[in-house]
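The values are calculated or read from the model by the stated rules, or taken from the named source; none is laboratory data. All values reported here derive from a predicted model rather than from experimental measurement. Because the Cβ atoms are built from the backbone with ideal geometry, glycine has one as well, and the counts that use them run over all protein chains shown.
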Amino acid sequence: MKKFLVVLLALALVLPLAACNKDTDPDPGQEDKYELALVTDIGTIDDKSFNQGAWEGLKKYAEEKNITYKYYQPAEKTTAAYLDSIDLAVKGGAKLIVCPGFLFEPAVFEAQDLYPDTKFIILDGSPNDGDWEKEGGPTYRIESNVYSVFYAEEQAGFLAGYAAVKDGYKKLGFMGGMAVPAVVRFGYGFVQGAEYAAKEMGISDIEIMYHYTGTFEASPEAKTLAAGWYEAGTEVIFACGGAVGNSVMSAAEEADKAVIGVDVDQSNESRTVITSSMKMLSISVYDGIEAFYGGTFPGGQSVTLDAKVDGIGLPMETSKFKTFTQEDYDAIYAKLVAGEIDILKDTDKTDASDITLTVTKVTFVE
Amino acid sequence: MSTVFFVMRQALTYSIPLLIVALGGMFSERSGVVNIALEGIMVFGAFTSILFINSVQDTMSGQLLLLLALLIAGLSGILISLLHAYASINMKANQVISGTAINMLTPAVAIYVARMLQNVQQINFNNTFRIPKVSVLGDIPGLGDVLFKDAYITTYLGILILIVSTIVLYRTRFGLRLRACGEHPHAADSVGINVYKIRYAGVMISGFLAGIGGLIFVIPTSTNFNATVAGYGFLALAVLIFGQWKPMRILYASLFFGLMKAIASTYSSIPFLLNLGIPSNFFKMVPFVATLIVLAFTSKKSQGPKAAGIPYDKSLR
């Protein structure tokens with residue numbers, strides 16, 4: 001028994017060393033200075049969503065231009081820990097720090113004054129003091145060294161819903177994770193996109209199941225829920241909640257039905273993914289960094305990237321549509337760009353059931 | 001009618017892992033070692049076996065791969081359970097604490113190793129193990145729909161484990177000794193039974209079963225393994241207590257839990273239940289409320305193994 005423990009202990013000591021030898025360090029620079037930095041939020045750098053998308057953009061630019069880069073993972077999910085990581089990045093020589101996620105709002109709010117010489121790109125958020133208790137909500141202030149980026153998720157969702165109905169699907173499902181603003185916008189857009197397509201095609205038998213699971217985790221509950229929908233006739237589910245999507249895909253594989261992915265192109269996660277409702281995270285980070293080095297950093301601004309600037313879209317190359325063609329996609333995309341379609345957002349309606357629909361029947365599952 | 005069969009089929013995906021893991025817990029507790037490490041062992045078993053599937057799935061697939069993976073899950077479950085056995089049997093440590101330590105340790109190890117090997121903490125796998133329909137048997141109305149369509153061999157394995165466990169526990173010399181060590185280890189020792197050995201065996205069996213339970217839980221649930229089994233190890237403990245440490249009752253308890261879980265998740269596609277307008281949280285509550293009620297009524301007669309949780313000390317005889 002003792003020998004066994006000794007062996008186990010020895011292994012525990014050797015394994016990390018072996019890892020060091022493998023050199024998984026992604027930093028090409030020799031000196032300890034990293035010009036470009038990214039601080040991760042709750043997820044990890046490989047969350048197949050937010051952090052990863054942003055990281056890929058940063059990495060692409062850095063490798064092309066041979067600039068040093070590094071990511072920092074905060075010890076915990078608090079503003080203090082985020083600030084520590086930002087401080088670490090600044091001390092590490094960062095000239096520009098990417099902060100993906102609205103959780104960074106208060107941290108960037110403080111950091112923009114603490115480090116006036118450092119530039120920040122915050123995704124899905126705008127710096128504020130984080131005091132939501134206050135009358136009228138938190139105080140927003142953005143300095144010239146911060147570039148805040150939002151995405152028009154409702155347009156991305158709209159495209160997904162439109163394409164699904166145009167492609168002949170009649171019974172759809174929306175399964176969101178937590179009902180955070182971005183997820184809600186995806187859902188609203190999805191419903192309205194389906195409605196728009198149905199009207200255009202002159203049909204009135206579109207049915208949508210609508211549900212927020214309340215987590216971003218894969219679980220047998222989410223899988224069974226999806227399996228139940230598929231069993232009851234749902235043909236395609238828009239899985240909009242991180243790993244919840246993997247449970248939906250698992251159910252879709254069993255039932256031989258379809259899934260619409262979210263945030264990034266998820267076609268390689270499962271053969272059932274017919275398309276993905278994408279936010280062009282890596283492109284916008286890439287563009288932001290490029291602007292910084294070009295001397296045109298759009299600091300002090302908060303922008304919402306929509307169809308006009310290719311901020312959202314569907315990956316048509318990897319999509320598995322039967323009848324929905326590239327021309328159809330280009331046509332509807334052009335309408336979004338031209339602003340011909342008015343899509344309601346989370347700020348317009350507090351609840352999805354308030355959206356007025358004429359030909360689409362939505363069943364809300366609590 | 002097909003909806004009923006569908007719900008029952010879904011219920012099995014919850015029931016079978018719960019059944020197997022709870023039976024594992026039964027062997028450990030009836031030998032006198034409380035095992036709340038079931039959750040952690042499940043994670044570890046699922047981790048090693050999914051890692052195995054991930055690395056060989058390009059060259060292998062189907063049932064043979066699943067059987068090999070189950071073996072690996074079981075063996076690694078044994079390995080990790082030995083830590084618990086050593087701490088709680090040899091070192092006479094508090095069994096709850098060593099169990100908790102394992103529950104905290106294994107997800108961390110799974111994430112750490114996965115990221116070391118492939119830089120990503122989720123381990124992907126292709127589910128090639130589902131049997132769409134068993135020939136002949138799948139045509140039986142009713143039973144065929146529930147047991148032999150969209151099935152996994154693990155369902156039958158679970159039933160097999162149940163039968164074997166019942167026989168081992170009640171019809172073999174080892175089973176009798178195991179039960180004796182859980183009830184009155186000093187008496188068992190006095191007639192020449194090595195209590196330490198029997199308890200080791202009990203914990204190792206629970207490690208094996210919890211390990212394969214972890215894999216069985218993960219496969220139909222997701223397309224990757226993310227270092228978690230969503231608290232089903234703890235749920236299996238509840239099943240164990242609900243089932244009063246007896247194999248057949250554990251079966252009923254796990255079927256009940258599974259059915260309630262399935263109804264809670266699928267009710268939105270059953271028009272009858274949807275029209276009742278009861279929120280899903282109500283259905284989610286049912287298994288736990290039922291557990292409380294049943295325990296309240298049966299706790300007087302509740303027959304947990306008497307010596308469970310007490311380290312055996314020869315000198316106290």
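What the table shows:
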read-out	value
Criterion: under 23 Å from B:Q303 (Cα atoms), within 13 Å of chain A (Cβ to nearest Cβ) and surrounded by 24 or more Cβ atoms within 10 Å (Cβ to Cβ) - qualifying residue of B:L18, B:L12	B:L18
Criterion: of a type in the set (V, I, T), assigned to a helix (DSSP H, G or I) and surrounded by fewer than 19 Cβ atoms within 10 Å (Cβ to Cβ) - qualifying residue of B:I310, B:I293	B:I293
Some residue of region B:29-38 being more than 22 Å from B:N226 (Cα to Cα) and surrounded by fewer than 24 Cβ atoms within 10 Å (Cβ to Cβ)	yes
Residue in region B:190-242 that is farthest from the other protein chains (Cβ to nearest Cβ), counting only those that are polar (S, T, N, Q) and either surrounded by 21 or more Cβ atoms within 10 Å (Cβ to Cβ) or not in a helix (DSSP H, G or I) (or both)	B:S206
Lone unmet requirement of (1) more than 14 Å from chain A (Cβ to nearest Cβ); (2) small (G, A, S); (3) at positive phi for B:G277	(1)
Selection within region A:99-123 - within 16 Å of A:P298 (Cβ to Cβ) and either within 23 Å of the chain's Cα centre (by Cα) or β-branched (V, I, T) (or both)	A:C99, A:V108, A:T118, A:K119, A:F120, A:I121, A:I122, A:L123
So B:G138, is it in a helix (DSSP H, G or I), more than 30 Å from B:N124 (Cβ to Cβ) and either away from chain A (no Cβ under 14 Å) or at pLDDT below 95 (or both)	no
Hits in region A:271-315 - residues which are within 30 Å of B:T128 (Cα to Cα) and in contact with a strand residue (DSSP E or B) (Cβ under 8 Å, 6 or more places away or on another chain)	A:T272, A:V273, A:I274, A:T275, A:S276, A:S277, A:M278, A:L314, A:P315
Test: residue in region B:91-98 that is of a type outside the set (A, V, I, L, M), at pLDDT 90 or above, over 21 Å from A:E269 (Cα atoms) and outside any helix (DSSP H, G or I)	yes
Members of region A:210-220 found to be more than 8 Å from chain B (Cβ to nearest Cβ), closer than 28 Å to B:F5 by Cβ and modelled with pLDDT of 90 or more, listed by number	A:Y210
